Amino acid sequence: MQVWDACSEAIITFEKDDLDDMGYIVENDVIMSALTKQLDAVADRVEVFYGSRAVGYTWPLPSHSSDTSPWVQIELADGRRLQTKLLIGADGHNSVVRKEAEIQNIEHQYDQSAVVATLHLSEATDNNVAWQRFLPTGPIALLPWSNVNHSDFIDAAGAMFRSALSLLKPSGTAVRQLPPSVAEVDPESRAVFPLGMGHAAQYVRHRVALIGDAAHRVHPLAGQGVNLGFGDIACLAHHLSAAAFNGQDLGSLKHLLRFETERQRHNVSLIAAIDLLKRLYSTSLSPLVLLRTWGLQATNALPPIKEQIMAFASK
Amino acid sequence: MENVFSHHISGISFMTQLSLLRVTVRRLKFQLLAHRWWDEQGEYSALHSMNDIRVPFIRDTVLNMGNTYQRGSPLSGIKILDVGCGGGLLSEPLGRLGASVTGIDPLEENIRVADQHKSFDPVLAKRIQYKSSSLEEIVEESVEMFDVIVASEVVEHVADLEMFIKCCCQVLKPGGSLFVTTINKTQLSYILGIVVAEKIAGIVPEGTHDWEKFVPPEELEQLLEANGFSVKTVNGILYNPLTGSWSWIESTSINYALHAVKSGSQAETSQTEPLSEMESEQCSATAGTNV
C-alpha cells in the first residue's frame with residue numbers, strides 16, 4: 001500500500017515481506033453469496049424473512065409486571081408479529097432500532113460525498129497494491145480488485161468527478177512505485193453516497209444490541225468501516241455463546257454490557273483517529289501540512305511503528 | 001380521590017369496591033415480590049451473580065461424569081431437584097441448559113413468582129415444574145427420581161439437617177449428585193456474612209440468616225458420609241461487593257460449595273438416551289480400563 005500527501009512530497013509505504021497478505025478486498029456480492037450459502041447450511045436453526053420489514057417495536061417494561069411479556073415484540077409490514085429475548089439492530093447508520101430504542105447518537109455530517117467506480121487499467125500489472133493520495137478536497141484511493149485489471153476507485157473529492165486522475169501520477173524524486181494508468185471507467189459502476197461520522201451513546205440496552213454502522217459510522221478513508229462491524233459480530237457472538245453455555249437469558253444486560261465495553265474500547269479510539277486524520281488531511285494550512293508531512297515521513301522511516309499499524313489494520 | 005360512597009350511587013356496591021381494592025393490592029404486592037426476586041441489580045443481585053459460579057459448577061460436574069453431550073443442551077436428559085428454589089433464579093438457567101427441573105419452596109408466594117416468570121418462555125415453561133412444598137413432603141412420591149439435587153443457600157435455614165440429608169438420599173438415584181452451597185460458621189462469616197452483608201452493606205436482606213444455623217463444611221461432610229454419600233469436592237467461594245461477582249477461593253471460611261455423590265452402584269449416571277454408534281464404540285473400547 002502506498003499513501004502520499006497532496007501538498008508535499010511525504011509518502012509512506014506499507015509492505016509485508018512474509019507470505020501473509022496485508023488485507024483482502026472482497027466484493028460485496030461475493031460476501032453476500034458466501035453468507036447466503038452459510039445460512040442455507042443452518043436453515044434448521046436460522047430463519048430468514050426476505051423482503052420483509054419491521055414497522056413497529058414494543059419494548060419490555062423494566063419492571064416485571066404480570067400482564068405484559070418481558071420480551072421485545074416486533075410487528076412486520078405484512079402483519080406478522082414476532083417476539084424475541086434479544087433484538088440485534090444491524091440496520092445501518094440510520095438505524096430504526098436505535099431510534100426506536102431512543103439511544104442517543106452523536107453524529108456529524110462531513111460536507112462530502114464519496115464517488116465509487118470500477119476502473120479498467122491500461123496495462124497488465126500484478127494488481128496487488130492499494131494506492132491512496134490525500135488531497136485537500138479529500139482522499140483518492142485506487143484499490144485492486146481482480147486480476148482482470150479492475151480497480152475500485154474511490155474519490156471523496158466532492159461531488160465533481162474531476163480530472164484528478166492526472167494527480168495520481170506522482171511528482172518528485174522519491175523512490176516509489178508508479179500507480180497504474182487508468183484506461184476507462186466501467187459504465188454503470190459509478191455511485192455516490194454522502195459521508196458522515198456517527199457513534200451511538202450506548203451499544204446495548206436491556207434486550208437490545210447494536211452492531212455495525214447502527215452503532216458507529218466512519219469515513220471510508222481508512223477502509224475500516226466494515227471491519228469494525230465484523231469485529232462487533234465476533235465479539236457479540238463470543239459473549240452470547242458464553243452466556244448461553246451458562247444458561248443465561250440472552251437479553252440480559254450483564255453480558256451485553258461486557259460486549260459494549262470491549263467494543264467501545266476498541267472502536268472509539270479508531271473512530272477518533274480516523275476523524276482526526278480526515279480533518280488533518282482536509283487542510284492546506286502550512287503548519288498542519290508541515291506537521292502531517294513530518295509525521296508521515298517519520299512513520300515511514302520507523303519500521304516498528306508501521307508493523308504495529310499493519311497488524312492493527314489487518315486484524 | 002373519589003369518595004367510595006359515590007360509587008354506591010352508580011350501582012357498584014361497597015363490598016365489591018372493597019374486594020376490587022383488595023385484589024389490586026394483592027396484585028401490586030405480588031408484582032413487587034416478583035420484581036424483588038428478578039431485578040438483577042436489586043435485593044437478590046448476589047444470588048443472581050452466584051449463578052456464574054453455581055451453574056458452571058453443576059454443568060461441568062455432570063458433564064465430567066460421562067453424560068452424553070448434546071450440542072446446545074449439556075444437561076439434556078438430566079432430572080434436577082432445586083430445593084428452596086425461591087423465585088426460580090437457579091432453576092431457569094438449569095432448564096435452559098436442557099435439564100428437567102423440579103423446583104420446590106415452602107413459601108407459596110415464591111412459587112407463584114417462579115411460575116409466572118417461566119410462563120413467558122415456552123421452552124422453560126415445559127422444562128420446569130414448581131411446587132410449593134418442603135423436601136420431606138415430596139419424598140414419598142419421588143423415591144430415586146432425580147439425577148441431581150441442588151440445595152443452594154438452603155441448609156443454613158434447615159431445622160434438622162440430618163433429616164434433610166436423609167431425604168435427599170432417598171429421592172436421589174444411586175450414583176446421583178448433591179450440590180450444596182452454604183455459609184461456614186466462623187468468626188469471619190459472622191463479621192462478613194451477618195454484620196457486613198446484612199447490617200452494613202445490605203447485600204442480603206436483614207434477618208435472612210441466623211449465625212447459629214451456619215454449617216461448617218466438616219460437619220456437613222460428616223453428616224453426608226454417615227448417610228449414604230461420598231463427598232467429592234469442597235471449595236470456598238467469595239463475594240466481592242464492589243464488582244458484584246463471586247469467585248472461587250482456597251479458604252472455606254465464609255461461603256463454600258460442595259459436591260457429593262450418593263453411594264450405590266457405579267459412579268457414572270445411567271444413560272437414558274440410546275448411545276450413538278460412535279459413542280458405543282468408544283464405550284466398548286474403554287470398557288476394559290473402566291474402574
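The values are calculated or read from the model by the stated rules, or taken from the named source; none is laboratory data. This one's a predicted model, so the numbers in the text were calculated from it and none came from an experiment. As a convention, Cβ positions derive from the backbone with ideal geometry for all residues, glycine included, and neighbour counts pool all protein chains shown.
For A:S181, which of the numbered conditions (1) within 14 Å of chain B (Cβ to nearest Cβ); (2) over 30 Å from B:D60 (Cα atoms); (3) of a type in the set (G, A, S) fails to hold?
(1)
Out of the residues in the range A:279-289 meeting the condition of being assigned to a helix (DSSP H, G or I) and touching a residue at least 24 places away in the same chain (Cβ under 8 Å), tell me which one is farthest from A:L135 (Cα to Cα).
Selected residue: A:V289.
How many residues are free of Cβ contacts under 8 Å to residues at least 60 places away in the same chain, touching a Gly at 6+ places or on another chain (Cβ under 7 Å) and away from chain A (no Cβ under 11 Å) when one looks only at the range B:77-105?
4
Of the residues A:L276, A:L270, only one is under 22 Å from the mean Cα position of the chain (by Cα), surrounded by 13 or more Cβ atoms within 10 Å (Cβ to Cβ), closer than 30 Å to A:K99 by Cβ and not hydroxyl-bearing (S, T, Y); which?
That would be A:L270, the only listed residue that is under 22 Å from the mean Cα position of the chain (by Cα), surrounded by 13 or more Cβ atoms within 10 Å (Cβ to Cβ), closer than 30 Å to A:K99 by Cβ and not hydroxyl-bearing (S, T, Y).
Within the bounds of the range B:158-167, is there any residue that is under 30 Å from A:F245 (Cα atoms) and among the basic types (K, R)?
No, the range B:158-167 has no match at all.
Please go through the range B:119-134 and give me each residue that is within 25 Å of B:P56 (Cβ to Cβ) and more than 14 Å from chain A (Cβ to nearest Cβ), ordered by number.
Those that are within 25 Å of B:P56 (Cβ to Cβ) and more than 14 Å from chain A (Cβ to nearest Cβ): B:K126, B:Q129, B:Y130.
Looking at (1) among the polar types (S, T, N, Q); (2) assigned to a helix (DSSP H, G or I); (3) surrounded by fewer than 16 Cβ atoms within 10 Å (Cβ to Cβ), which one does B:Q31 not meet, given that it meets all the others?
The number of the failed condition is (3).
Restricting attention to the range A:206-248, report how many residues are within 14 Å of another protein chain (Cβ to nearest Cβ) and touching a residue at least 12 places away in the same chain (Cβ under 8 Å).
Residues flagged as within 14 Å of another protein chain (Cβ to nearest Cβ) and touching a residue at least 12 places away in the same chain (Cβ under 8 Å) within the range A:206-248 amount to 6.
Does A:A156 meet the test of being modelled with pLDDT of 75 or more and either among the basic types (K, R) or closer than 25 Å to A:A272 by Cβ (or both)?
So A:A156 does not fit the description; no.
For the range B:86-96, how many residues are of a type in the set (A, V, I, L, M, F, W, C) and buried (at least 24 other Cβ atoms within 10 Å of the Cβ)?
Summing the residues that are of a type in the set (A, V, I, L, M, F, W, C) and buried (at least 24 other Cβ atoms within 10 Å of the Cβ) in the range B:86-96 gives 2.
So, in the range B:36-62, exactly how many residues are buried (at least 16 other Cβ atoms within 10 Å of the Cβ) and under 19 Å from B:G176 (Cβ atoms)?
Looking only at that region, the number is 7.
Picking from A:D78, A:D44, which residue would you name as being away from every other protein chain (no Cβ under 14 Å), surrounded by fewer than 14 Cβ atoms within 10 Å (Cβ to Cβ), more than 26 Å from the chain's Cα centre (by Cα) and modelled with pLDDT of 90 or more?
A:D78
In the range A:267-311, what residues are out of contact with any Leu (no Cβ under 8 Å at 6 or more places or on another chain) and among the aromatic types (F, W, Y)?
Scanning the range A:267-311 gives a single hit, A:W294.
Kindly list, by first and then second residue, each pair from a residue in the range B:133-155 that is in contact (Cβ under 8 Å) with a residue 24 or more places away in the chain and at negative phi to a residue that is of a type in the set (D, E) and outside any loop (DSSP other than H, G, I, E, B), limited to pairs with Cβ atoms under 6 Å and residues at least 6 apart or on different chains.
That search, which allows pairs on different chains as well, returns B:V150/B:D82.
Here are B:I128, B:I183, B:I165, B:I138: which of them is touching a Ser or Thr at 6+ places or on another chain (Cβ under 9 Å), at pLDDT 90 or above and under 24 Å from B:T233 (Cα atoms)?
B:I183
Quick check on B:T186: is it within 16 Å of B:Y44 (Cβ to Cβ) and polar (S, T, N, Q)?
no
Assess whether B:Q116 counts as being over 15 Å from the mean Cα position of the chain (by Cα) and more than 11 Å from every other protein chain (Cβ to nearest Cβ).
Answer is no for this residue.
Tell me yes or no: at least one residue of the range A:86-109 is assigned to a loop (DSSP other than H, G, I, E, B), within 14 Å of another protein chain (Cβ to nearest Cβ) and at pLDDT 95 or above.
Looking through the range A:86-109, at least one residue is assigned to a loop (DSSP other than H, G, I, E, B), within 14 Å of another protein chain (Cβ to nearest Cβ) and at pLDDT 95 or above.
B:K232 passes all but one of (1) of a type in the set (D, E, K, R); (2) over 29 Å from B:D39 (Cβ atoms); (3) not in a strand (DSSP E or B); which number fails?
Every condition holds for B:K232 apart from (3).
Do we have any residue at all in the range A:257-280 that's within 14 Å of chain B (Cβ to nearest Cβ) and of a type outside the set (D, E, K, R)?
Taking every residue of the range A:257-280 in turn, at least one turns out to be within 14 Å of chain B (Cβ to nearest Cβ) and of a type outside the set (D, E, K, R).
At least 1 residues that are under 29 Å from B:P216 (Cα atoms) in each: list the helices (runs of 4 or more DSSP H) lying fully within the range B:97-197 that qualify.
Counting at least 1 such residues, we get B:108-119, B:135-139, B:161-171.
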